[in-house]
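Asker: Can you read through this structure? Questions will come right after.
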Amino acid sequence: MDTITSLNQSINNVSLIIDSSRQVTKEILEKFKRNRNIEGSAYYILIILYGILIIFGTIGNCLVVIAVVRKSNMRTVRNLFIVNLAVSDLLLCIVTMPLTLIEILTKYWPLGDYGHLCKMIGTLQAISIFVSTISITSIALDRYQVIVYPTRENLQYMGAFVVIVFIWSFALFLASPMIIFKKLVNHSINLHMHGIDSVSYCIEDWPIDHGRAIYSAFTLFVQYLLPIVIVSIVYLQINNKLNNRIPTTINVTRRNKRRSHRMRRTNCLLTSIAVIFAISWLPLNIFNLYSDVYLEKEALTQDLLVMYAVCHMMGMSSACSNPVLYGWLNENFKKEFREILHLDGACNRGNNERNVVNAKYSCNYTNPNKCGSKNTNAFDTGFTDNAMSVDLSGITK
């Protein structure tokens with residue numbers, strides 16, 4: 001999961017420089033005093049790009065959590081899985097992304113002589129990524145159960161909590177090599193006059209050859225290949241079920257038009273979830289596997305570090321896209337978001353003004369004696385139309 005830390009042991013090891021030469025050049029000394037692995041404009045561009053992802057991802061996932069917590073009618077079994085995904089994505093935003101950025105930008109461990117912190121950070125990074133991808137798979141399987149087999153007993157709250165506990169426990173098991181093999185290596189150097197007493201590297205010390213590559217291949221299968229196959233098959237089955245459920249005719253009624261519109265939107269949503277998941281995580285998994293197999297003992301150049309950062313940001317962008325796919329495209333969540341952000345006030349005022357104008361026009365120019373009945377009928381008709389919908393609760397709730 002963490003390519004940079006596994007390769008730091010081979011990048012500009014200060015102890016080797018000191019042992020091989022008594023004369024430390026001013027340029028080398030300045031580089032290690034600044035503790036920079038990336039130079040030039042790329043340093044600031046990476047900080048800005050990661051900052052944008054962190055801010056948008058944090059805001060989006062916080063909105064998802066708040067929307068469910070603040071109202072009892074939003075605390076459904078379906079939404080518990082979405083909240084679990086939002087929590088794991090929050091970990092990606094506030095833990096994984098900032099710490100990975102630090103590892104990319106720095107030559108050596110900048111967070112002090114704390115070995116347990118090295119282990120904890122690596123483990124949290126791995127857990128948050130595993131929980132996020134497993135949660136996406138769980139959401140797909142839950143919706144498959146609701147849509148394809150609607151007559152079967154649905155998952156209840158206790159069952160949902162058991163599944164969520166299993167997700168986190170399984171993610172901890174998958175990330176356990178980070179606890180076992182991650183360690184902080186210290187190198188003492190005699191540069192007290194320059195303010196550098198020692199440097200540290202947070203590395204993975206595997207007991208077998210190519211251990212890191214084996215673990216990368218395993219995580220590629222569990223974290224990417226298996227979830228994308230399951231999600232694709234499940235959503236394809238859901239799409240087929242919905243297509244068979246909704247009849248299509250040439251002369252469709254207004255209700256059927258609404259159903260057809262929701263059907264197209266649902267198909268687009270399901271396809272987007274699978275495609276975005278595949279595109280987001282593919283570059284990072286390929287880069288990790290390639291670097292662990294072919295670059296295990298080679299130093300990373302700045303170009304490779306920047307390439308890794310781009311691949312990592314693509315994977316982390318799922319933390320920003322998930323709130324959109326599972327939140328903003330869901331009518332219930334969208335309504336809650338607008339209330340939380342106080343966006344409904346202006347829209348409601350505009351709609352009320354248009355309704356008043358339309359009502360006055362209807363009373364004055366059509367049938368003044370039936371104004372009340374017209375308004376009532378309009379309300380009843382609108383209410384009935386909104387209530388009539390295809391059974392897509394497994395998709396939108």
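Nothing in this text is a laboratory measurement; each read-out follows from the coordinates by a stated rule. Fair warning: this is a prediction, and the values are worked out from it, not measured in the lab. Positions of Cβ are generated from backbone atoms using ideal geometry, with glycine treated the same way; all protein chains shown enter the neighbour counts.
Asker: Full extension from ARG75 to VAL95: what is 0.36 nm times the residue separation minus their Cα-Cα distance, to one decimal in nm?
Answerer: 4.5 nm
Asker: Rank the residues TYR326, TYR144 as a footprinting-exposure proxy: fewest other Cβ atoms within 10 Å of their Cβ go first.
Answerer: TYR144, TYR326
Asker: Could you calculate the contour length gain from ILE66 to TYR294, that is, 0.36 nm times the residue separation minus the distance between their Cα atoms, to one decimal place in nm? Before the final figure, lay out the partial values.
Answerer: Details: separation 228, 0.36 × 228 = 82.08 nm, distance 4.49 nm.
Difference between extended and current length: 77.6 nm.
Asker: Set the Förster radius R0 to 22 Å, insert the Cβ-Cβ distance between SER169 and HIS116 as r into 1/(1 + (r/R0)^6), and round the FRET efficiency to 0.05.
Answerer: Details: r = 21 Å, r/R0 = 0.97.
The calculated FRET efficiency here is 0.55.
Asker: Full extension from ARG152 to ARG338: what is 0.36 nm times the residue separation minus their Cα-Cα distance, to one decimal in nm? Intermediate results must be reported in sequence, preceding the final value.
Answerer: On the way: separation 186, 0.36 × 186 = 66.96 nm, distance 3.44 nm.
Fully extending the segment from ARG152 to ARG338 adds 63.5 nm.
Asker: Under a point spin-label approximation (7 Å from Cα along Cα-to-Cβ), what is the ASP209-THR271 distance to one decimal in nm?
Answerer: If labels sit at ASP209 and THR271, their model points lie 4.9 nm apart.
Asker: Still on this structure, please answer the following. On a 30 Å Cα-Cα criterion, which of the cross-link pairs LYS33/LYS182; LYS182/LYS334; LYS33/LYS119 come out too long?
Answerer: Pairs exceeding the cut-off: LYS182/LYS334.
Asker: By average Cβ neighbour count within 10 Å, what is the ranking of 97-106, 179-188 from highest down?
Answerer: So the order, starting with the most tightly packed, is 97-106, 179-188.
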